[in-house]
Structures are given as C-alpha cells and as structure tokens.
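First up is the structure itself, then whatever we jot down about it.
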Amino acid sequence: MAACGSNSLMWFRKGLRLHDNPALEYAAKGSKFLYPVFVIDPHYMEPDPTAFSTGSSKVGLNRIQFLLESLVDLDLSLKKLGSRLLVLKGDPGDVLIRCLKEWSIGKLCFEYDTELYYQALDEKVKTYASVTGVEIFSPVSHTLYNPADIMQKNGGSPPLSYQSFLKLAGQPSWASTPLSTAISSLPPIGNTGSFTLSGVPTVRELDYGDLAEDERTPFKGGESEALKRLRESIANKEWIANFEKPKGDPSAFLKPATTVLSPYLKFGCLSSRYFYQCIQDIQKSVKKHTSPPVSLLGQLLWRDFFYTVAFGTPNFDQMKGNRICKQIPWKNDDELLAAWRDSRTGFPWIDAIMTQLRKWGWMHHLARHSVACFLTRGDLFVHWEKGRDVFERLLIDSDWAINNGNWLWLSCSSFFYQYNRIYSPISFGKKYDPAGNYIRHFLPVLKDMPKEYIYEPWTAPISVQRKAKCIIGLDYPKPVVSHDSASKECRMRLGEAYALNKKLNGLVSEEDLNHLRRKADNESTILDSVSRNKKQKLFD
C-alpha cells in the first residue's frame with residue numbers, strides 16, 4: 001500500500017537544532033501535518049547497574065543528561081513555532097516503521113549519519129519506505145563535506161593524511177551561500193493515533209538516580225546554549241583569528257582555553273557549517289589569522305577528516321582487521337586499566353585529568369593526549385580500545401569517528417608514528433601549572449602538598465607528607481609504574497612491533513603478537529632482575 005497524504009515525519013537523532021537544518025525545512029515544505037519525532041533508544045539509554053559508572057551500557061549519565069537538556073531545548077523551540085517534539089520509546093527502526101504506517105506519512109526526513117549503527121538502522125527504515133512509496137530526504141548536514149564525495153575524488157578510498165584530505169576537499173560547495181538560520185513557522189502536528197506520547201523524560205523517569213552535585217558536568221545541553229557559547233566565542237575576533245592548536249593551557253578549568261563547542265557539534269545543537277561560516281567571516285575582517293591545521297577552521301576540518309577515514313575504513317574502531325592500524329601486542333591488564341580509569345595511578349597530573357573526565361565529561365585536548373599516551377604507548381602499554389571505551393562512555397562530546405581516530409593517533413597505531421615522543425606524566429603538566437592548582441582542585445587529597453612535590457608526591461619526605469595530611473600509599477596511591485623504566489619498556493615493545501609490521505607488511509597474526517608479548521615479558525624480567533641486583537650491590 002502506497003503512503004498517502006502530504007504528511008511529513010522529521011526524525012531527529014543528532015542535528016538537534018532549528019538553524020541550518022535542511023531535513024527539517026524540507027519536511028515542513030508543502031506538508032499539511034508535520035510530526036517531529038525523537039526515539040529514546042534502549043541501545044543507548046537502558047540503565048546498566050553493572051557498568052563502572054552510572055549510566056547505560058554504552059553511555060555515562062553526564063552525556064545522557066546533556067542529550068535530555070538538548071531535547072528539552074529543541075521542544076521549547078518547536079513549541080514557539082506551533083509544533084512540539086514527539087518523544088517515543090523503543091527500537092528506533094521498529095518505532096519509525098510503525099509511525100510511517102499509522103500516520104500516513106508521505107515524506108520521511110532525517111539528517112544523514114555516517115556511523116555504522118545509524119547506517120544499519122537507516123537501511124532498515126529506507127527499505128520499508130521504498131516498498132510503501134514514502135519519499136526519503138536525508139541530506140548531509142552534520143559534517144562540512146559528504147565523506148562519500150571525498151572518497152570518490154580519491155579513487156574510492158579515504159585520504160589517510162590531513163594534508164591530502166585538505167587538497168581533495170577544497171572549499172565546501174555551500175560555503176559562499178548564506179545558510180538558512182531561522183524557521184518562521186511549521187505545519188501543525190496531526191492525529192497521533194494509538195501512540196503513547198510523553199514529554200522529554202528526566203533522568204529519574206529513565207530509572208537513573210541523580211548524580212551528586214560535584215559529579216555533574218558544568219556544560220548544559222541545547223541549541224540555545226550552543227548559539228550563546230558561539231556568540232561569546234566569536235565576539236573575541238582576535239582570539240578566533242589567532243587560535244592555534246595544539247597551544248592552549250590544558251590545566252585551565254575555571255575558564256577553559258577552548259570554545260567547548262565540541263559537545264554541541266557532536267549532538268548537532270550547533271551546525272558545523274554555520275560555525276565554519278562564522279569563522280570565515282571573522283577571518284575576512286582581520287588582517288592576519290592562523291591557518292589549518294592549527295586554526296579554528298582547521299579543527300573543523302580535522303573533524304571531517306576523521307569522519308571521512310572512519311566512514312571509508314572497515315573495522316575502523318578496532319585493531320584486528322583494520323588495514324590502517326598497526327598490529328601491536330598490547331597488554332590486557334584490567335588492574336592497570338582500572339587504576340587509570342579510577343584516578344589511582346599515583347601520578348597526580350594523570351589522576352586529576354581522569355577525575356575531571358568523570359565529573360565534567362570533558363577535558364582540554366592536551367589533557368586527553370596526556371592520559372591516552374600514558375595508558376598506551378607512554379607507560380602502561382594497555383590496549384587503546386580499552387581507553388577508547390572509557391572515553392566513549394564518559395565524554396559528553398564523545399563522537400564515534402573522532403574518538404576512535406584520536407586513540408589510533410595517540411597510541412601510534414595509525415596516522416602518527418613517532419612513538420619516541422612521549423608526554424611526561426610529571427613535567428608536561430608542570431610546564432602549564434607549576435603551582436599545581438589544577439591538581440589541588442580535582443584531587444583535594446593533595447591540596448596541602450607543597451608545590452615542589454605536587455607532581456611527584458612520592459618524593460616528599462614523610463614529615464612533609466604528614467604536614468600535608470597525605471601519606472603516600474595510604475591517603476593517595478604510590479605510582480603504579482616508574483615512568484622512566486616503563487616508558488623505556490614501551491618504546492622497546494613498540495620498536496619490535498613496528499619492525500614486525502614492516503617485515504610482514506602488516507599481516508601480523510595473533511600468534512605473532514603472542515610471540516612478541518612473551519619475548520618482551522622475558523626481556524622485562526631480565527631487566528628487572530639486573531636492576532634489582534644493582535640496587536642490592538649499592539646496599540651491600
């Protein structure tokens with residue numbers, strides 16, 4: 001049976017905004033009734049009491065809260081235009097098909113999504129729609145470019161370096177035409193039939209407990225908040241024009257040294273295309289400005305670069321079967337992983353960052369670099385996929401393509417291969433914050449430790465520890481590794497893995513990795529015993 005009537009359904013997933021929303025505009029055009037729908041998906045929202053932090057099996061509560069705030073804001077904006085957000089629950093594919101049937105939908109509109117999960121979901125809904133004659137409109141508006149277009153220009157595969165991506169991408173086709181930033185009215189909602197409709201649920205209504213006050217992110221979700229933040233950022237033209245990554249202070253927390261627009265871009269509360277045009281306008285009005293890769297525009301282009309590589313690389317989110325990922329014999333040490341995740345490494349700079357991540361769901365990009373390097377190639381040699389899972393759960397701006405891309409990069413598994421360059425868990429933070437104010441804020445147990453010991457409290461004499469009311473090994477942990485020897489061992493292990501990848505042209509088996517693990521473990525044991533003997537001789 002062909003769908004009848006001029007009814008449209010606007011399916012919101014990301015793209016939680018009215019400005020620059022081509023799918024919503026098209027849905028509204030010539031429609032008698034318009035149904036704006038968001039589906040609470042149990043895959044992301046079902047509480048999981050066994051997870052290491054409050055939330056679902058996939059997502060921590062801070063990001064769920066951010067999403068709910070974004071939905072409340074979207075609902076308010078729709079109400080001003082005589083509409084509202086229809087919140088439904090269940091498997092999104094099944095729910096959508098039921099909506100198309102019951103509401104006689106002739107036109108289904110949603111923003112295109114490159115993530116594997118949504119690709120599979122969209123296929124299911126599109127298949128049903130094409131059989132029943134429902135028109136589908138799914139424009140690319142979450143990114144600056146369509147990843148498929150970039151790949152086509154590159155002969156069918158994604159460019160694997162940022163510079164080659166820039167050459168292929170050029171100026172986006174829409175960049176010089178004004179984007180639609182306001183919608184003046186929307187068609188009313190028709191009869192919703194047998195559906196149980198609710199407003200946007202609270203975390204309590206989703207069966208989550210409340211987060212403690214100090215565990216809540218200070219960043220509020222929603223398009224209104226995103227546009228306010230954007231206005232405040234671009235008001236300082238000089239700052240925008242001179243923005244230079246990777247500069248910036250990772251220890252600045254009262255006033256972060258970046259725009260903190262990433263969570264709003266992740267949920268599409270802010271259009272990346274509109275942000276791009278705003279930066280472009282500023283750059284035209286100033287005498288000089290920074291350029292990609294370090295400029296603010298360059299950051300948006302990095303985002304698209306990772307989206308494109310993720311879209312065109314099978315198994316992008318894992319080591320095995322991923323043609324662009326080095327095969328490395330990472331450790332699967334759950335104790336070390338838990339110490340890192342739970343801020344118990346004994347390195348205050350690392351533990352303070354991981355505390356900020358847990359409480360705020362956000363930290364500066366250089367702070368992310370520090371803790372990702374520490375977990376993988378710097379000190380603990382734990383598999384990057386394990387760290388990626390922790391970030392994916394706790395970050396409010398966690399974005400599948402970017403999170404995986406950054407972990408591949410920071411573990412020296414792909415994109416970046418200078419594994420000898422390691423972030424020190426001691427001196428790197430000290431460079432920005434010699435007094436340790438960031439550590440004192442996020443690790444109050446160390447708040448009275450003198451600044452000369454704040455980054456290495458285990459070196460403080462016991463009298464100093466007593467005075468600071470923080471005994472190392474009792475009130476705050478001893479370091480889980482010695483940075484000097486651990487980083488040497490990591491370099492050795494990576495050197496051997498790189499050599500093997502080169503020799504076997506990347507075709508490294510699990511057996512090969514196990515052989516490397518055993519070899520490295522034996523070498524490590526010999527080194528330990530040599531070092532113990534040397535120490536023994538010193539004391540004899």
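Some points to look at:
- Pairwise Cα distances in the range 272-376 exceed 20 Å for 62 percent of all pairs.
- Calculated diffusion of the range 85-167, Stokes-Einstein form, Kirkwood radius summed over Cα pairs, 20 °C and 1.002 mPa s, µm²/s: 144
- Bridgeable lysines around Lys14 (alpha carbons under 23 Å apart, same-chain partners fewer than 8 residues away excluded): Lys29, Lys58, Lys79, Lys80, Lys89, Lys107, Lys124, Lys126, Lys220, Lys228, Lys266.
- The chain - Kirkwood radius from inverse mean 1/r over Cα pairs (Å): 25.4
- Virtual paramagnetic centre 7 Å along Cα→Cβ of His441, amide N under 17 Å, in the range 335-364: 348-364
- When the residues Ser463, Ser424 are ordered by accessible surface, computed with a 1.4 Å probe over the protein chains alone, the sequence from largest down reads Ser463, Ser424.
- Per residue, the accessible area of the chain comes to 44 Å² when a 1.4 Å probe rolls over the protein heavy atoms.
- Chain lengthening between Ser509 and Leu81 when straightened (0.36 nm per residue, less Cα-Cα): 148.2 nm
- Only beta bridges with both residues in the range 18-160 are counted; by DSSP, about 20 percent of them are antiparallel.
- Carbon + sulfur, % of accessible area of the chain - ligands and nucleic acids excluded, 1.4 Å: 53
- The simple Förster model, with R0 at 51 Å and r as the Cβ-Cβ distance, assigns Lys502 and Ala182 a FRET efficiency of 0.40.
- Label-to-label distance, nm, for residues given as Met492 and Arg323 (7 Å Cα→Cβ offset): 3.6
- Taken along the Cα-to-beta-carbon direction at a fixed 7 Å, the label points for Ser427 and Glu102 span 6.5 nm.
- The chain: relative contact order in percent, alpha carbon pairs under 8 Å with at least 6 residues between: 15
- The distance linking the range 131-174 with the range 215-261 is 28 Å (Cα centroid to Cα centroid, whole angstrom).
- Cα-only Debye scattering, the range 1-141: base-10 log of I(q)/I(0) at q = 0.12, 0.13 Å⁻¹: -0.49, -0.58
- Shown is the FRET efficiency for Ala252 and Asn420, computed with R0 = 41 Å from the Cβ-Cβ distance and rounded to the nearest 0.05: 0.90.
The values are calculated or read from the model by the stated rules, or taken from the named source; none is laboratory data. Note that the coordinates shown come from a computational prediction; the quantities given were computed from them, not determined experimentally. Cβ atoms come from the backbone with ideal geometry, glycine included; neighbour counts cover every protein chain shown. With ligands, DNA and RNA removed, areas are computed over all heavy atoms of the protein, side chains included. Shrake-Rupley method; radii C 1.70, N 1.55, O 1.52, S 1.80 Å.
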